[in-house]
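Some notes on the structure that comes next.
The values are calculated or read from the model by the stated rules, or taken from the named source; none is laboratory data. On a predicted model such as this, the values are computed, not experimentally measured, just so you know. Every residue, glycine as well, gets a Cβ built from its backbone with ideal geometry; the counts of neighbours run over all protein chains shown. SASA here: full protein model, heavy atoms, side chains in, ligands and nucleic acids out. Shrake-Rupley method; radii C 1.70, N 1.55, O 1.52, S 1.80 Å.
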Amino acid sequence: MSDGMDNPVVTILGGHLVDPAAGVDAPADLRIENGRIARVTAPGALPREGQVIDAAGRHVLPGLIDTHAHLREPGHEHKGTVADAAFQAAMGGITCLFAMPNTDPVCDSRAVCEMVINRARQTGAVRVLPVGAMTRGMENRVLSEMGELAACGCPALADAWAPIESSQMFRRALEYARGVGLPVITVPQDLGLSADGVMHEGDVATRLGLAGIPAASEEISVARAIALAELAGCRLHIAPITTAGSVRLVADARRRGLDVSAGTAPHYLHLTDAALIGYATAAKVYPPLRPRTDLEALRAAVADGTVSVLSSCHAPHADYEKAVEFSLAPFGMAGLSTALSLTLLLVKEGVLPLSSAVARWTHGPREVFALADAGTLAEGSPADLTIVDLSSTWEITPRAVAGHGLSTPWLGQTLPGRVCQTLLGGKIVHDSQRSTAVPPHHPEDAVHHA
Amino acid sequence: MSAVATDTGAATATFGKDLLGLKDLSAVAVTALLDTAEGFLEVGTRSVKKVPALRGRTVVNLFYEPSTRTRTSFELAAKRLSADVLNITVNASSVVKGEGLIDTARNIEAMNVDTVVIRHAAAGAPQLLAENLQSHVINAGDGAHEHPTQGLLDLFTMRRALGRVKGLTVVIVGDIAHSRVARSGLIGLTKLGAHVRLVGPPTMIPMGIERLAETPGSVRVGHDLDAALAGADVLMPLRLQLERQGAPLFPGKREYALRYGIDQRRLSLAPGAIVMHPGPINRGVEIAHDVADGERSVILGQVTHGVAVRMAVLYHYSGGQGELA
């Protein structure tokens, strides 16, 4: 192995550190030893020792925690693999990734959990935490073995894309989850009301002649989840929420002191249902893109912290699956590589300050999911971090989405905030200078050549 | 060319590669298509019902939904223009499992086809096709999106029966939410300056439909048919999709006929109005037997006009030239 891998000391000099969990937003130098943050000091206090990264003019952030991604492996590898996701995550400054359980087989057992964790370890580029299914096979008939899932390292349980229609079953799942100490992530949707809808129900759907999904489908489900979480005493994370009504429900629950949090994804903060005009399947997602009024309410909620977590909702598909009639196209877009840039675009547009934006990806999920080892660069923490040039831009190419160009509405567009380097455990797993790099699951690529 | 005055004067119309919807057409282009159809109407009355305008061209009718009327109309229109016609009917149930739309279309195009006429249950399917083919694409109805040639033949029929479109008041009754006929109708009508009243139970009125109007304020929505009939020039009941009964859009045929059926009593509330219907009709449901066959019905005229209008569309969208009629 080469120098970068062998040298345990890395020094990052001249950058501006934003670490909301530690309350830092100031110029700082960092020293990494043995994969952890050894020292955080005022500029100029550290010797140029070991591998030196010049971060002058750049921002140093804790590696992002993405609490909602569909890695597609096992079972749907034509849509994506753990290695693809690791590559895109590193490119997007994400170092900790929650893998949603709707794979094939479903992540409801130690075997699948460990398989996903091991695949991620092989890439060496991102830490993957598999989210366990709430019910066996996500069939909503029998509870999953939540105790073992917790023991395997699952940070949470989820019902992603297979809502538990029986309120009694949902209640029991929440109660049992409380007993094993895991929070629950619920994707709010009322299947009966969503029915055969393929986009938000409103003027644009009427114009396109497409079946609509009303905002009420989400809001009914948010209201039910809050009531049941209160009954069960379980910690509940509702994500993604996308409507003004959901924001009001979550804000009310939090005001009442319930252990309820909410998340959303950057695309809901930038795109409205108008993005679907022309039958753009790249922007067909679930929950659907909403009108401007919802987008504005959601932006305000992210700014004021009612929505304390952002996640990518990364859900890629093969191009041939997206190049079909709109109503037949699957829901979902790729989001790992663009998540940070789209968040920085919010900062640029004055929606929220940089420190709050970073908090939604670091401090926020760290708190909600009680992650001791992620989301901060305080001394002693793992050296999982990303270095970003806020003044630079980059173009979204098919490579940035692992070849699935029809899974991003930003293909060919330019976004702010190029990720210069991403470090995992003190090792460089992404370096924008190496533009011809092959994905980092090839070991020789996970090395920095200064 | 025709004795009927155009609504928009003599400005030059331009046509794109494809006809995906009336939304994309200027009022001038709509009027030009109607004018061309006037010329073609006469061809159907000759003993030799053929002109050489599209001789040597190939038109494919690619139908993913069962349709007798529209497919036959397009087929006759193409044949009367001397084009070669190929009909392909794809079983809807094989769509998901079978070959994808783009692959099917590319295979057809590989046989050097000039124009593809597509009917599909999925809104937007013609656009997908148009983006992937060099051939001209004509939308023969896509889901609940548009049915532009139906919209044109309705305008054509009104213009012939009432002498104009501008200023008319047209009442469209029924399941607006699932109707491409209603959408193309209201877009075309408001483009040419007509007023549209949409009537049906709230379950059948889609959110924001009045904002599809080309002129703000020219579309109004109501739920009481009797109240909407005063001053109407055209009554257009839509076909009730009986399979949606209890779906739960409406309680049943009987209640629907009582509240929204066009019968003689209702006809008397709109003296002078003509009655149109896109077909096929459910007698005794959305339209009474004696209204459908009555003297104010122009329903069969619509079918005759459909061929002429589709000849005009094929002519303008298949690169036709020379002798028109």
Name the residue from A:Ala253, A:Trp161, A:Val82 whose Cα lies farthest towards the positive end of the charge dipole of segment A:63-368, charges +1 on Cβ of Lys and Arg and -1 on Cβ of Asp and Glu. A:Ala253
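Take the alpha-carbon positions of segment A:189-309, form their convex hull, and give its projected area averaged over all directions (one quarter of the hull surface) in nm². Spell out each step's value before the answer.
On the way: hull surface 28.0 nm².
Reported value for the Cα convex hull: 7.0 nm².
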Between A:His267, A:His200, A:His78, which gets the highest mean-square fluctuation from a Gaussian network model of chain A, Cα cutoff 10 Å? A:His78
What do you get for Rg/Rh over segment A:260-374 if you use C-alpha atoms and the Kirkwood form of Rh? 1.00
For labels at A:Thr414 and B:Lys166 in the simple 7 Å Cα→Cβ model, what's the distance in nm? 4.7
Which three extents, in whole angstrom, do the alpha-carbon atoms of segment B:188-231 cover along their principal axes, largest first? 26, 26, 14
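Whole number please: convex hull volume per residue, Cα atoms of segment B:148-302, in Å³. Let's see the in-between values first.
Details: hull volume 14.8 nm³, N = 155.
Convex hull of Cα atoms, per residue: 96 Å³.
Evaluate the charge dipole of the protein assembly as shown about its Cα centre and quote only its size in Debye, nearest 20, assuming +1 on the Cβ of each Lys and Arg and -1 on the Cβ of each Asp and Glu.
Working: 69 positive and 78 negative charges, 361 e Å.
That gives the protein assembly as shown a dipole magnitude of about 1740 debye.
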Counting Lys and Arg as +1 and Asp and Glu as -1, each charge on the Cβ, what is the dipole of chain A about the Cα centre in debye, to the nearest 20? 440
Looking only at A:Ser355, A:Ser167, A:Ser312, which one moves most when chain A is put into a Gaussian network model with springs between Cα atoms under 10 Å? A:Ser167
Kindly report, to the nearest 10 Å², the accessible surface of A:Arg127 as traced by a 1.4 Å probe over protein heavy atoms only. 100
Orphan Cys of chain A, criterion: no other Cys C-beta under 4.7 Å: A:Cys96, A:Cys107, A:Cys154, A:Cys234, A:Cys313, A:Cys420
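Plugging the Kirkwood radius over Cα pairs into Stokes-Einstein for the protein assembly as shown, at a temperature of 20 °C and a viscosity of 1.002 mPa s, what D comes out in µm²/s? Spell out each step's value before the answer.
Details: Rh = 28.8 Å.
Using the Kirkwood radius from Cα pairs, D works out to 74 µm²/s.
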Antiparallel %, DSSP beta bridges [both residues in the protein assembly as shown], to 5: 35
Selected from A:Ile238, A:Val52, A:Ile277, residue furthest toward positive end of dipole (chain A; charges at beta carbon): A:Ile238
Positive end of the charge dipole of the protein assembly as shown (Lys, Arg +1 and Asp, Glu -1 on Cβ, about the Cα centre): tell me which of A:Leu61, A:Met91, A:Thr206 has its Cα farthest that way. A:Thr206
For helix B:180-191, what angle does its Cα long axis make with the longest principal axis of chain B, in degrees from 0 to 90 and rounded to 10? 90
I want to check a number: in the protein assembly as shown, how many lysine pairs have alpha carbons closer than 20 Å, given a sequence separation of 8 or more or different chains? 10
Hey, could you pull the Cα Rg and Dmax for segment B:84-152, both in Å? 11.8, 35
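At 0.692 mPa s and 37 °C, plugging the Kirkwood radius over alpha-carbon pairs of chain B into Stokes-Einstein gives what diffusion coefficient in µm²/s? Let's see the in-between values first.
Numbers: Rh = 20.0 Å.
Reported coefficient: 164 µm²/s.
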In a shell of Cβ-Cβ distance under 13 Å around A:His76, excluding A:His76 itself, what net charge do Lys and Arg (+1) and Asp and Glu (-1) give? -3
Note: A vs B interface, total accessible area buried (1.4 Å probe; ligands, DNA, RNA excluded), nearest 100 Å², is 1400
Taking Rh as the Kirkwood radius computed over C-alpha pairs, what is the Stokes-Einstein D of chain A at 20 °C in a medium of viscosity 1.002 mPa s, expressed in µm² per second? 98
For a paramagnetic label modelled at 7 Å from the Cα of A:Gln168 toward its Cβ, which residues of segment A:200-230 fall within the zone defined by backbone nitrogen distances under 20 Å? A:224-230
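Could you list the square roots of 5 times each eigenvalue of the Cα gyration tensor of segment A:34-192, that is, the equivalent ellipsoid semi-axes, sorted largest first and rounded to whole Å? Mind dumping the intermediate values first?
Working: eigenvalues 256, 58, 41 Å².
Equivalent ellipsoid of segment A:34-192: 36, 17, 14 Å, largest first.
Per residue, how big is the convex hull of segment B:91-227 when only Cα atoms are used? Give it in Å³.
Details: hull volume 18.8 nm³, N = 137.
Dividing the Cα hull volume of segment B:91-227 by its residue count gives 137 Å³.
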